[in-house]
Amino acid sequence: MFPIHDDTPRLHGRPYVNYSIIALNVIIFIWEVIETNFFSDVVKTNQIFFSYGTIPDLVLQGDLFPIITSMFLHGGIMHIIGNMVFLYIFGDNIEDRFGHFKYLILYILWGIAAGVIHSFYAVSVGSGNIPAVGASGAISGVIGAYLILFPKAKILTIITAFFITTVRIPAIAYIPLWFILQVIFSIINPEGGVAYLAHIGGFVVGAGTSYIAKTLFPSIFQRQNINRNVIKKNKLYPKRRYEDNTKGSISDPDIIESTNFYEILIEMKGLVNSQDLRAIYEKTSHTLKIFSGELVNPILSINLREDMDVSRIRDVSYLNGIIRVRLLKT
């Protein structure tokens, strides 16, 4: 199973920190390739890994800085591709939720925690002098945080068995399965070349800190600057009124309220003519109607709260199965 996309929309613009981390990893990997002649120069490769990698014996003596530098080193092309794909898919939403600066700090802390946990294990099995490199520990923290914050998200995944296909797997199923595989691999091959304990440790710490933040300190989330209100049982037109525009499910809409606007999010999979969406808000009935293409009848109608002070519709968009309507306040 290899993830290629998720359906969680961002609410606060581009994830510049996540993009920067990915870019920095790629730049440093290119430097590694040049310095080691595609890792064929064993002496130079070992020099880089022993100088900037995580050496468990030294970590347990208090030398933590190499853990940070090791988070930007990789041992091969598949190593960096796998890590950067996971970071690209899951990291943007964690940055969107925590905010740029807090995400950067947490990413580094999750990486450090993963490195320390790996070091304790490596020393216990007699591998304390072997350097570990890669962003996997920090990214595992990101994955753990994603499970806690976005358990209902769908992960578009490539499945390869006797055939190749793509399926949408809920995060609540995909991520625990990924974690179980890390545990199994760590048991089957405890002294292999992959630091599975870093994956496991990073995941647990990322999930734990996110659960604590979500439960006890919700104000640290960027989304706490807006009030999220889920509408109760919004009335939708019956399925026959959709005129074959959708083959998938339709979720109850969410209303996100900011200082100057409301944002309506509705899951509606399989929408046809999604490039020509338009919406009308009827103030008298407090009803938002969404139309597709040249259809006369709306594909769905939503009864909004009477206390919502709407002046006009800013825009309507459709991405990854989510209809987003922005309503400006008066």
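Coordinate-derived values only; no laboratory data. Everything numeric here is computed off the predicted structure, so don't read it as measured data. Note: ideal-geometry Cβ built from the backbone for every residue, glycine included; neighbour counts use all protein chains shown.
Seen against the Cα atoms of the chain and their longest principal axis, helix 171-188 is set at about 10 degrees. The sum of -39500 (n - 2.57) across all DSSP H runs of n ≥ 4, divided by the residue count of the chain, sets its helix-only mean residue ellipticity at 222 nm to -14000 deg cm²/dmol. Applying the Karplus relation 6.51 cos²θ - 1.76 cosθ + 1.60 with θ = phi - 60° to region 109-123 yields 3J(HN,Hα) values of 5, 4, x, 5, 4, 5, x, 5, 4, 4, 5, 4, 5, 4, 5 Hz, where x marks Gly and Pro.
The spacing between region 1-48 and region 51-74, judged by their C-alpha centroids, is 18 Å. Between the Cα long axis of helix 42-52 and the first principal axis of the chain there is an angle of about 70°, rounded to the nearest 10. Rounded to the nearest 10 degrees, the inclination of helix 136-149 to the longest alpha-carbon principal axis of the chain is 30 degrees. Each of 163, 261, 49, 217 was scored by other Cβ atoms within 10 Å of its Cβ. Listed from fewest to most, they are 163, 217, 261, 49. Taking 134, 76, 13 as the candidate residues, the one with maximal mean-square fluctuation in a Gaussian network model of the chain, Cα springs under 10 Å, is 13. Lysine pair count for the chain (Cα-Cα distance under 17 Å; residues 8 or more apart in sequence or on different chains): 13. Ranked by how many other Cβ atoms sit within 10 Å of their own Cβ, fewest first, the residues 256, 187, 4 fall in the order 187, 4, 256. Of 148, 255, 159, the residue with the greatest mean-square motion in the GNM of the chain, using alpha carbon springs below 10 Å, is 159.
Working note: Karplus 6.51/-1.76/1.60 with θ = phi - 60° gives region 6-17 the couplings 10, 10, 7, x, 8, 10, 10, x, 6, x, 5, 5 Hz, where Gly and Pro are set to x. Fewest neighbouring Cβ atoms within 10 Å first, the residues 35, 294, 267 line up as 294, 35, 267. Springs join every pair of Cα atoms under 10 Å in this Gaussian network model of the chain, and among 268, 71, 84 the largest mean-square fluctuation is at 268.
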